[in-house]
Amino acid sequence: MRAVSGVWRWRRNPLRRATDRAEAWAALLALLLMLLAAPATGWACGSLTDDALQQSVRAQRAERHSTKAVVVRRVDRPGQFGGDAGVASEHAGQTSVVARWRTPDGRARTGRASTASRVTAPGSQVRIWTDDRGRPVLRPMDSATARTHAALAGFGVFLLVAGLVEAVRRLVVWRLVLQRYAQWDRAWAKAGPDWGRTGTGS
């Protein structure tokens, strides 16, 4: 902010250097990008991500169905579904069980599935999710979770863009400082041999 204020404060200062002006303008441009470009980019990314996730939510809801199953036994160590299930059962807040259920075409099926039900003793009736063929799958994502993921993605992009802008600004300032040092070295090399001697160079 001090560098930004320098755009106005140094406009008529006789001691103003070109690098001072450049640093102030770089800071002002970086500030504008952080206030305008970074939020806009984050919003656009979050919006696109939300559209894609909501489409996935609709597809999962169309393809997955809640089904009643009877627990045969509980699986102590969650892992991969056995047999032809082929779907991972390890999922937050879910328990892996061996259960019996019926496929949409009425066939009986037994296999490993995951359920969010708290009561999983043998003989208990639980809710599981299956696909159109009756194979166990994970619960479909809900709209609120999709929106949360999209918001986090947008916020992450906002931080990334803001950090990139700040990194570029620091790089520009670093180059300007090097330029100032080079100018000082040239000025000192020119005036140094005559330093302290009255009337020299006149």
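Observations on the model:
- Evaluated against (1) in contact (Cβ under 8 Å) with a residue 24 or more places away in the chain; (2) within 30 Å of residue 70 (Cβ to Cβ), residue 145 falls short on exactly one condition, (1).
- Criterion violated by residue 162 - all others in (1) under 25 Å from residue 38 (Cβ atoms); (2) buried (at least 19 other Cβ atoms within 10 Å of the Cβ); (3) modelled with pLDDT under 90 satisfied: (3)
- Within region 52-66, if we keep just the residues that are assigned to a helix (DSSP H, G or I) and touching a residue at least 40 places away in the same chain (Cβ under 8 Å), the residue that is nearest to the chain's Cα centre (by Cα) turns out to be 53.
- Exactly one residue among 109, 100 is modelled with pLDDT of 90 or more, more than 19 Å from residue 52 (Cα to Cα) and surrounded by 19 or more Cβ atoms within 10 Å (Cβ to Cβ), and that residue is 109.
The values are calculated or read from the model by the stated rules, or taken from the named source; none is laboratory data. Predicted model, so just to flag it, every value in this text is computed and none were measured. Cβ sites come from the backbone with ideal geometry, for glycine too, and all protein chains shown count toward neighbours.
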